[in-house]
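Structure record follows, encoded as structure tokens.
The values are calculated or read from the model by the stated rules, or taken from the named source; none is laboratory data. Nothing here was measured: the structure is a model prediction, and the numbers come from that model. Here the Cβ is made from the backbone with ideal geometry for all residues, glycine too, and neighbour counts use every protein chain on show. Side chains included, ligands, DNA and RNA excluded: accessible areas come from the protein's heavy atoms. Shrake-Rupley method; radii C 1.70, N 1.55, O 1.52, S 1.80 Å.
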Amino acid sequence: MKTRSSREIRRDQIVGVLVFLTVWEITARFLDNKLVLPSVSQIMAAFWDLLISGELILALSESIWLLIVGLFISTVIGFILGALVARSRTAYWMLNPYFSALFATPTIALVPLVLVWFGFGFPGRVIVVVLAAVVPIMFSVASGLRDDPKDLVDVARSFGVKGELALLFRVRVRSALPVLLAGLRLAAGRGVVGMAVAETYLRLGGIGGLIKSYGSLFQTDYVFASILPLSLLGITIVSLIGRLERRFHWS
Amino acid sequence: MNVLYKPSVWLPLLSLAVVLGGWELVGRSINPLLFAPPSEVIKQFSAMIESGELAAAAKITMQALFLGYFLAVVVGIPFGIIMGVFDRFGDIMQPYLYAIFSTPRVVVVPLIVVWFGIGFEARLFLVFFWAAIAISVNTAQGVRHARPDLVEVARSFQANRMQMARHVLIPGAIPFVLAGLRIGAERAIVGVIIGEMFLQIVGLGGVITQGSSDLLPAKMLCAVVVIASMGTIIVTALDMLERRFQSWKGAV
């Protein structure tokens, strides 16, 4: 099968976007219904308005902070539990079923419970992000550390690395790095969803809250203008980790 | 085989006993209504089964879920084949599908309200659209990734187009289509729950929202358990199907 060069693909895609935006603009002007389909220029105007009023920057920084804290805690918890599960059969059979169950449950269904149990301050929202993001990290740590890099461990031992903990961090973690990053990438994608869910559910702060409040005012142009940065945020984070993953792809 | 995977019956049972027992104790000593210990949940569960509330809710959820998923399969597979065969069209569509797919669905809810209202159609769309994207993107990938070695063999035996499709292209695409079906099903389940929690408060998602406003965690937990088991059964079944056909992908 013939393959097309990436330059050709890029060119087609740019033309495609231009055509798409033009068709959108014309359709929207023809429909002339800002509620159902705002035109591209109206969305741009709304975006500009959100940008210069500082509303968007504030909401985004709140969301990003929530995401950073949530992913950090998920990484710590996921790493500890994943390492336990990888090295001990008892831990594997005692913990794994719960994490499989958590993975199968839609995060959104857990949000009202978190609300009742922990309230919806910052801690409650962090818990939602952790519930969404911790499982892929834990699974990837478990599978990454389970494959024993026996030759590397032997070499490290003969060069005088002593103790299980030192071996864990200096050899095992490094050799499992690509797997760990893949887990982090999945977790970041789910974390963004968790963040949006937490913020939207109570119309409280962050970019999710912004979208929800404009949505209940039926200002569709502002809704579009605030969904766009959220999608970009998710895509950027995931592709950054993906790039890191390719860079460290040494195993 | 790694000793870690040696199955055990006692360890999960032991940990289940520890977790449920601990929860029961803690929940009872703090506030049994708010922390809903397992005994409370079981009581609530049997009450909801007896009153028929749970069955009615599950039926509403299943209707939107299965109809939406069925439509997604019917539309998604042909669309994916078109994207795979006309690769230029596929390349042009890719960015939009990717962008829509990676946008959290809760934030799209306000748009769905103005386009489809809050009723059955809105829920159907939440299920259908994202499942259809997952199915079509994976199908397209499968169509494109025909194994070059098999294509060559077929060519050298002078297979015509029909034979090529029948013996090489379609079997080669099946593992990818099945992966799409699984990912689509995961998406579909979350979609129907979002619709029921944020739009019209009905179905299993509605039970959760209702339990939240009545401050009845036991009720919410019942619905969560039903949703999670429903999702696990559907996804596990598709996962097994996917594994069964994994070898058709060939060595990559």
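Taking each residue of the range A:9-30 that is at the interface with chain B (Cβ under 10 Å from one of its Cβ atoms) and looking for partners that are open to solvent by 70 Å² or more (accessible area, probe 1.4 Å) and among the basic types (Lys, Arg) with beta-carbon atoms closer than 7 Å, six or more apart or interchain, yields A:ASP12/B:ARG88.
If the requirement is being more than 30 Å from A:VAL192 (Cα to Cα) and open to solvent by less than 30 Å² (accessible area, probe 1.4 Å), which of these qualifies: A:LEU145, A:LEU167? Within the list A:LEU145, A:LEU167, the selection yields A:LEU167.
Within the range B:13-32, being farther than 24 Å from B:LEU215 by Cβ, hydroxyl-bearing (Ser, Thr, Tyr) and more than 10 Å from chain A (Cβ to nearest Cβ) holds for no residue.
Only one entry of A:LEU66, A:LEU58 meets the criterion of being more than 9 Å from every other protein chain (Cβ to nearest Cβ), within 23 Å of A:THR236 (Cα to Cα) and without any contact (Cβ under 8 Å) to a residue 12 or more places away in the chain, and that entry is A:LEU58. Does B:ILE227 satisfy being open to solvent by 40 Å² or more (accessible area, probe 1.4 Å) and modelled with pLDDT under 95? Against the criterion (open to solvent by 40 Å² or more (accessible area, probe 1.4 Å) and modelled with pLDDT under 95), B:ILE227 does not qualify.
Considering B:PHE198, B:PHE176, the condition of being of a type in the set (Phe, Trp, Tyr), within 18 Å of the chain's Cα centre (by Cα) and open to solvent by 20 Å² or more (accessible area, probe 1.4 Å) is satisfied by B:PHE176 alone.
Can you say whether B:SER136 is of a type in the set (S, T, N, Q), at pLDDT 90 or above and out of contact with any His (no Cβ under 9 Å at 6 or more places or on another chain), as far as the supplied structure shows? Yes, satisfied.
For the range B:201-212, the candidate set comprises residues that are touching a residue at least 40 places away in the same chain (Cβ under 8 Å) and small (Gly, Ala, Ser); within that set, the residue that is surrounded by the most Cβ atoms within 10 Å (Cβ to Cβ) is B:GLY205.
Here B:LEU215 meets the list (1) open to solvent by 20 Å² or more (accessible area, probe 1.4 Å); (2) assigned to a helix (DSSP H, G or I); (3) of a type in the set (A, V, I, L, M); (4) facing chain A (nearest Cβ under 10 Å) almost entirely, failing just condition (2). Is one or more of the residues making up the range A:82-98 of a type in the set (Val, Ile, Thr), more than 10 Å from chain B (Cβ to nearest Cβ) and open to solvent by 60 Å² or more (accessible area, probe 1.4 Å)? No, there is no match, as no residue in the range A:82-98 is of a type in the set (Val, Ile, Thr), more than 10 Å from chain B (Cβ to nearest Cβ) and open to solvent by 60 Å² or more (accessible area, probe 1.4 Å). Restricted to the range B:86-124, and to residues there that are more than 24 Å from A:LEU230 (Cα to Cα) and at the interface with another protein chain (Cβ under 10 Å from one of its Cβ atoms), the residue that is least open to solvent (accessible area, probe 1.4 Å) is B:GLY90. Scanning the range A:70-108 for residues that are among the small types (Gly, Ala, Ser) and at pLDDT 90 or above gives A:GLY70, A:SER74, A:GLY78, A:GLY82.
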